[in-house]
Structure formats: C-alpha cells, structure tokens
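Working notes, structure below.
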Amino acid sequence: MRQILWRFADRYDLHMLVQAAREVARGPVARLVSSGARSDHEWTPAKNTLLDAFDESGITAAFLDPDEGGYIAGPKNLALALIAFELAWVDAGAATGSLAGCLALSPIHERGTPEQKARYMSLCAPAKPGEDRKPWRGAFCLTEPIPYVGVDTGMLNGKVTIAEWKDGEEPMIQVEKRGRFITNMGFANFVTAAVDTADPRIKSSCIVILEETDPGVFDHGTTTRKLVHQLSSTSDPIFSLRVPANRIVGGYTVKDGAIVPNYTHSEVIEAVFKRTRVTVAIMTSAKLLSAIEPLIRYQRNRFRGAEQIKPGTIRHELGLQQREDAVHRLLDIWAMGEASASLGFEAARVFDILDPLEKEKTTFLESMGIRGTRAEIRHFRSIFQSAMEFLELEARPAEKRNQLRYQELKKDVLVQYALTDAVAGVLCPAAKLWNTGTGANTMREALSLMGGYGITEDCPGFLAYKWMDAQLEATYEGPEAVQRRNLILTMTHDLFLAQFKGWILDMRRIAGERPGSGACVLASAMKLWLWTYNHLQTATDADGVKLYSGARQGVNFRLADALCWLLASRQQTLDLMELEAKGPENPVVAEGLKGTIEFMGDLCHVQSARAAGEVGRICAELVYGYNRHPSWDNPENKGCFRAEELEDWEGSVPGIASYALDVIQPDGGHPDKAGPCAQCGDNSTFRQMRGQLDACLTGSQLAKDRAARALSKVMIPEALDYPR
C-alpha cells in the first residue's frame, strides 16, 4: 500500500532498498538501542559496526550514480527519503548518521567540478568484491561555535586566505575553521567546510574540501554531549589546514589577480539544503507512524492480567479503546502521521522531477552565454510569462485550448523548470517546518497516551527516545524561523500562487467524486487562505502601518504556518485518490481494499477538518486582530443605536428595538462590555467565506467516529518485530 501511496510501486530497485534498510533498522540498529547504546555520547566500536551494515546493505551506495559505485540511476531524492523513513522508524540517530555522509557529498554533487565529483564520489563508494580498501567517510561543516549557532547560515567565523601563490602554479590557501555540532566527525576522512574570505585576493565566501592528511591540524574535536541522536557521531572539530585552491567546491576563476570562487557558500548551501531538508522532515513522519502499533497494543492490553478482567469481556479485548477519548486521540496522531509522510514524500518526488530539468536548464543557459544569478533572473522574466500562459491554457477544456501552443510550452524545458521549481521551493521548507515542528508536538501527545510506560527505557517502539529526537530534528538545517523565512519568499511567487488556485479547483472536483474525503472543507480552507493573503497585501493595522511586509513576521510567518497545514492535507487526499485508482491493480492490496479506502478516507477527512480549523483561526486573527476595538466614548459609534432614535424608528419599523444590541441610553449608559460590537470595516466577504468553511466541517466528526470504530478492530501482531 505504501508503494502505491508514495509512487514507487514500479521501482524494483527501491523495493529492494526499502527491504535492506528495514533489515538494518530492525536488526543492528534496534539491537544497539535496546542494549543501551544511546546512553553513551562517544562513538564506540559497537556503534561503528553500523557503518559496515550501511555499506553491506547498499544504503551507503544509494546516493552514488552507477559510474561512481552506486546502483540507482538518476535522481535519488525519493530513495534517500525512503532510507531515512525506514531507519528513523527505529532510531533517528542512525538515520542521521547515514544521511550525513550524503550531506557531506552534496556540495560536491550539486556544484562540484567534474574532477571533484570523480574523486570523492568514488572514494566514498563501498569496496567492490576483490578490492582491499575502506570507503571514505565525510562530514559537512557549516555551523560554528558562536552564540545561537545554526540560526543564520550566513554567519561565518571560518576564514580562508592565500598562503602561497607562485607564478604558473596552483594557489595554496590556508583554511581556519572551528565547527560545532558536526555529524560524522568521529570518523570523517574529509570535510566540506564553509568559510569566508579574509584576504582581498579571494573575492567571496566559498566551501572548501579538507582531507585529514592535509598539512596542518585536522582535529576531530570534542564529542558533543547530546541528549538525543546518540547513534550518530557528533563533535566540535578544529581545522587549520593548507590546501590547494582547486579544493574550492565548484572551482574558481582568476580576475585582476584575485581568486573568484564560482559559487559562494550561500549558493552551494541553497542548492544542497533545498533537497536535504526533505529527508529530515521524513524522519519525523516515520516516528509518528511507528507509534501507532505500540499505542494500539498498549491501549488494548492495558487491563489484561487483572483477576477481575476475564477474557472475552469488552474490557479485556479493547482495554482503553472502549473509551472514545483514547481512540480519538490516537486517530489524530495517525492522521497527522499520514499527512506528514504524504507531504514529505511528495517533496522528494518533486525534486526528482526538478533535478534533470535543472541540469537541462543550466546546459541551455550556458549555451546561450547566460551565466550568473542576475543574468538568469533577467532571462527568466519572459519565461515566467510563458509559464503563466501554460497554466491558463492547461486550465481550459482540451477542445477550447490552442493545442499547438500548449504542446510547445509543455515541451519547453525552461517553462517546466520554472513551474516545478516554484512548487519545490514551497514544499521543501513547508515539509521541514510542519513535519518536524508539528510532528514534535504530536509525538508528545503519543507519549502521553502511553501513560507512565512512555517515559521508561523499555517503552515499546522506543517512543520516549523518538519524542526527544524530534526536538533536535526541528532545528536541523535551520530551525523553524529559518524555514518560515524561506517559505514567505517562495509562497508569494506568482507561479506558485497560480498553481495553488488550480489546486483549489482540483479539490472541488475530488469532493464531487469522493464526498467523504474531506476535500470539500479543504478547498474552502485553501480559498480562505488565498483571500486572506491577497487582503493582507493592502491591509493596514490600527495605526495605518502595512500588515504584510518582511518585518511583520507576526503576519507572514503565521500565514506560512497555515499554508503548511493545507499542503499536507492536500497531498494526503491526492495519495488517497492514487491508492483508490491503483490499488485494484495490485493483487496484494486489492484484497480488503474497500475497507482500507474507507478508513484512509476518514483519516483524510479528520485531518482536513483539523487543517481547516487551524487555517480558519489563523486567518481570522490576521484579518480582525490588527483592528482596534471600538470604545463607548468614540463620538461616531457607528455600530450603536441611541435609545431616542429607536423610539422614533419603532413607529415606522415595529420590532426594530429587539434587534438592537448596542444601545446608548440618554444618560450615557450602555451594555456592560468592552465597547460596541466590532464591525472591522467591510469584511463581509471574509465572514461569508469563514461561515462557508465552518459549514463544510459537516460530517467530519462522523468520519472520526467511523474511523474510531475501525481502529478498535485493526489487527496487529502480538509483539513488535524489532529488535531482531
């Protein structure tokens, strides 16, 4: 079922990868956790055996292309997301350790020169049969030991200077860098380190490759005393190394006697993080879904063993699940986990589509002599117009569109790149922000459903560890504020907003085809969000200050949060439609599919209702919250009636006095409240849409009740299948 939901049912290579990663997770990883390996901060010989397990299972090589020692051709975002999911199902530290090696190679993979790619990719490949060598391990060194480390990736203390530059020879550069919270440093052979220039002969920041055999200091550093992710190696390294300038990732040019790196450290990080954030988001999704089975088992077994609880009684068979609260709260966790995974895996798939388009785009622009960020931005202004034209044509019925022009734009690489990049730019920070942030809060709820058992070391499913680990994942690759800053830039792109409008129509169509999926309330919530966004572009607060601006993070950050709820629920609904369409084709899934679809549909409805509630609340607070409440001493008091006026009008409009709520008496007396009811200007459209949204919640609690009854009948094994 997951293969269909996450769109890899036709990928045999991914089937085998998932199976191999699952064996490692529920075998070596689970045994380490259950034996107490998480109680030690150091990178021990027992933990080091995980590296061999990753190599032997194919996890290490999954990042590499076949000509580099790997076995998966093409983009690998979905493959890495699946690895992260399987490992984090048991322990996120192991998942982080696996993915950190990919992160070290990512700057080289995304922006490295051909020579850099050939050297380091092949060195990191596991040894082939007959080879007598150990694969290299890498670490990505970005953050530094400065206050509030990791908040701003633009803050660099690491420096690079020119050590020696002889005529006709490669310049030698001196790199000084102190890292903090660097994963894989306990065994790293090389590091990709971000440094800023401290020499007028080097024109910008860059990322440099450092090897442990380079002359100077390659100190793996002091072990970080983490409370979480103890199955990954983390320390604070120190580097003072002299390396050739050809170690600058992406290479450099010489202009006016100075080295000009082809990419600044920020440009490399942008290319890397917009992909790798997705795998971290998936790690928290795995935690939520992995908590379901242990919670079901705990709830059902809660009273078994007591002398007065006899087999065959409802209390013996259902335990806590005979009560509505227990199953309803568990359903909320399950629905959140499904939506979280749907959003994360969709982001991974979008990047698999984007990667080849990006390469084609780069090749095409270089052939036209267009190089550099500014030149690309200028060129893409016309491309954006063509992309908007494509969306307009696509929205029309086939018989009413210009098919020749439509097909021309559909085959245009730059147009399709622009459209895909606009979506990917939103999905990546949205998944990282929502999956890890909301997921961490939801894991606390999961732990609370375990009662006192949840905070013990032998809690089934390692839920206490997972809850603690989730706190760290919310800060990985930039904490929540960084993701929100990224999101408020990408979600305002015209190409994204145009596609978002199309998504609303899609949800309306799905609501017609499958009324019980919650697509109706989701479409109404999406419409309300879009109206609120447009309203805030011109709205001002009570002092006349514009509401939507970069500095008003109380506005744009919260709107970004609301969007994340919508994106996750939308993708959960689309995954349901995929399962309903493709499930009958699979003989394993087809059996009992009707009941599965009904249950998953109710989960969609539950989550859509929750998302709609969050969006409605946030939007209402933003639309109304920045208006000043009227007071009784305001001379205008447009919302009030005076007692003498009502007496005059009663003669011509009998009964009007019964409709008047705010009446000011001749002596100035008035109802005992803050002031006249707030009118908040002309927001009748918002009130109408909010009312429609609330009405669309019809049936959502019935769906929850149905899902609760189904949950109490879900079959699970007698015991967890890990450790094994």
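The values are calculated or read from the model by the stated rules, or taken from the named source; none is laboratory data. Since this is a predicted model, take the numbers as computed values, not measurements. For neighbour counting, all protein chains shown are included, and Cβ atoms are generated from backbone atoms with ideal geometry for every residue, glycine included. Heads up: the accessible areas ignore ligands, DNA and RNA and are worked out on the full protein's heavy atoms, side chains in. Shrake-Rupley method; radii C 1.70, N 1.55, O 1.52, S 1.80 Å.
Give the shape of segment 222-282 as rounded, prolate or oblate, defined through the alpha-carbon gyration tensor: a ≥ b ≥ c are the square roots of its eigenvalues, a/c under 1.5 means rounded, and otherwise the shape is prolate if a/b is larger than b/c and oblate if not.
Cα axes put segment 222-282 in the oblate bin.
Give me the net charge of HIS379's neighbourhood, meaning all other residues with Cβ under 11 Å from the Cβ of HIS379; Lys, Arg count +1, Asp, Glu -1.
Net charge around HIS379: +4.
So if R0 is 45 Å, what FRET efficiency would ALA695 and ARG304 give, r being the distance between their Cβ atoms, rounded to the nearest 0.05?
Taking R0 as 45 Å, the efficiency between ALA695 and ARG304 is 0.55.
Can you give the FRET efficiency to the nearest 0.05 for LYS501 and LEU702, using r as the Cβ-Cβ distance and R₀ = 30 Å?
Numbers: r = 30 Å, r/R0 = 1.01.
Computed FRET efficiency for LYS501 and LEU702: 0.50.
Just the accessible area for CYS564, please: 1.4 Å probe, Å², rounded to the nearest 10?
Answer for CYS564: close to 0 Å² accessible.
Taking 8 Å as the Cα distance limit and 6 or more residues as the minimum spacing, I'd like the relative contact order of the chain as a percentage.
Relative contact order, the chain: 13 percent.
In nm, to one decimal, how far is the modelled label at GLU598 from the one at MET368, with both set 7 Å along Cα→Cβ?
5.5
Ratio of alpha-carbon Rg to the 2.2 N^0.38 Å globular estimate for segment 13-99, to two decimals, please.
That ratio works out to 1.07.
Please report, as a whole percent, how much of the solvent-accessible surface of segment 243-292 comes from carbon and sulfur atoms (probe radius 1.4 Å).
Looking at segment 243-292 in its full context, I get 49 percent from C and S.
Taking θ = phi - 60°, what integer Hz values does the Karplus form 6.51 cos²θ - 1.76 cosθ + 1.60 yield along segment 213-222, in sequence order, with x for Gly and Pro?
Going residue by residue, I get 8, 5, x, x, 10, 10, 8, 5, x, 7 Hz, with x marking Gly and Pro.
If the chain between LYS546 and LYS166 were fully stretched, how many nm would it gain, using 0.36 nm times the residue separation less the Cα-Cα distance?
Numbers: separation 380, 0.36 × 380 = 136.80 nm, distance 5.68 nm.
Taking 0.36 nm per residue and subtracting the Cα distance, the gain is 131.1 nm.
Please tell me the relative contact order of segment 431-500 in percent, rounded to the nearest whole number, where contacts are Cα pairs under 8 Å and at least six residues apart. Spell out each step's value before the answer.
Details: 37 pairs, mean separation 24.7, N = 70.
Relative contact order of segment 431-500: 35 percent.
HN-Hα J couplings of segment 63-79 from phi, Karplus 6.51/-1.76/1.60, θ = phi - 60°, integer Hz, Gly and Pro as x?
6, 8, 6, x, 6, 10, x, x, 9, 10, 8, x, x, 10, 4, 5, 4
Can you list the residues, at least 5 places off or on another chain, whose amide H is less than 5 Å from the amide H of VAL249, using H built in the peptide plane?
ILE207, VAL208, ILE209
Which percent of the accessible area of segment 574-626 is formed by carbon and sulfur heavy atoms (probe 1.4 angstrom)?
Result for segment 574-626: 56 percent of the exposed heavy-atom area is carbon or sulfur.
R0 = 25 Å: FRET efficiency of LYS582 with ASP412, Cβ-based, nearest 0.05? Kindly include the intermediate steps, with their values, before the conclusion.
On the way: r = 30 Å, r/R0 = 1.19.
So the FRET efficiency works out to roughly 0.25.
Per 0.36 nm of contour for each residue apart, how much would the distance between GLU621 and ALA46 grow if the chain were fully extended, relative to their Cα-Cα spacing?
Numbers: separation 575, 0.36 × 575 = 207.00 nm, distance 5.27 nm.
Full-extension gain reported as 201.7 nm.
Could you sort the peptides 219-232, 516-529 by per-residue average Cβ neighbour count (10 Å cutoff), highest mean leading?
Going by the mean number of other Cβ atoms within 10 Å, highest first, we get 516-529, 219-232.
For SER448 paired with ARG508, estimate the spin-label separation in nm (one decimal), with each label point 7 Å from Cα along the Cα-to-Cβ line.
Output for this residue pair reads 3.9 nm.
For segment 476-529, what % of the accessible area comes from carbon and sulfur atoms, probe 1.4 Å?
Values: 1150 of 2020 Å².
Answer for segment 476-529: carbon and sulfur cover 57 percent of the accessible area.
Could you do me a favour and compute the accessible area per residue for the chain, 1.4 Å probe, result in Å²?
On a per-residue basis, the chain sits at 44 Å².
Residue by residue, what Karplus-based ³J(HN,Hα) values in Hz, rounded to whole numbers, does segment 294-307 have, using 6.51, -1.76 and 1.60 with θ = phi - 60° and x for Gly and Pro?
x, 5, 4, 4, 4, 5, 6, 8, 4, 10, 5, x, 6, 4
Shape call for segment 682-724 from the C-alpha gyration tensor, a ≥ b ≥ c root eigenvalues: rounded (a/c under 1.5), prolate (a/b greater than b/c) or oblate?
Because a/c hits 1.5 or more and a/b fails to exceed b/c, segment 682-724 counts as oblate.
Dividing the convex hull volume of the Cα atoms of the chain by its residue count, what figure in Å³ per residue is obtained? Intermediate values should be presented prior to the final figure.
Values: hull volume 164.1 nm³, N = 724.
Normalising the Cα hull of the chain by residue number yields 227 Å³.
Restricting to segment 89-223, what percent of DSSP beta bridges are antiparallel, rounded to 5?
Taking every DSSP beta bridge within segment 89-223, about 65 percent pair in antiparallel fashion.
Please give the calculated 222 nm ellipticity per residue for the chain, where each DSSP H segment of at least 4 residues contributes -39500 (n - 2.57) and the sum is spread over every residue; nearest 500 deg cm²/dmol?
Theoretical 222 nm ellipticity from helices: -18000 deg cm²/dmol.
Tell me which residues come under 5 Å, amide H to amide H, from MET185 once H is placed; ignore anything under 5 positions away on its chain.
Result for MET185 returns SER235.
Dipole magnitude of the chain about its Cα centre, charges +1 at Lys/Arg Cβ and -1 at Asp/Glu Cβ only, in debye to the nearest 20?
760
Hey, quick one: spin label on GLU270, modelled 7 Å out along Cα-Cβ, who in segment 464-492 has an amide N within reach, i.e. under 20 Å?
Residues 477-479, 481-492 fall inside that zone.
I need the shape label for segment 449-584. Rule: rounded when a/c is under 1.5, else prolate if a/b > b/c, else oblate, with a, b, c from the alpha carbon gyration tensor.
Details: a/c = 2.44, a/b = 1.19, b/c = 2.05.
Oblate, since a/c reaches 1.5 and b/c is not below a/b.
Along the Cα→Cβ direction, 7 angstrom out, place labels at LEU404 and SER122. What is the inter-label distance in nm?
5.1
Using a 1.4 angstrom probe on the protein heavy atoms only, line up ASP705, ASP91 by accessible area, largest first.
Descending accessible area places them as ASP705, ASP91.
Just the number, please: percent antiparallel of the DSSP beta bridges in segment 181-317, rounded to the nearest 5.
Around 95 percent antiparallel, to the nearest 5.
Just subtract the alpha-carbon distance of SER631 and GLN665 from 0.36 nm times their residue separation and send over the number in nm, one decimal. Numbers along the way, then the final one.
Values: separation 34, 0.36 × 34 = 12.24 nm, distance 1.53 nm.
Going from the current span to full extension adds 10.7 nm.
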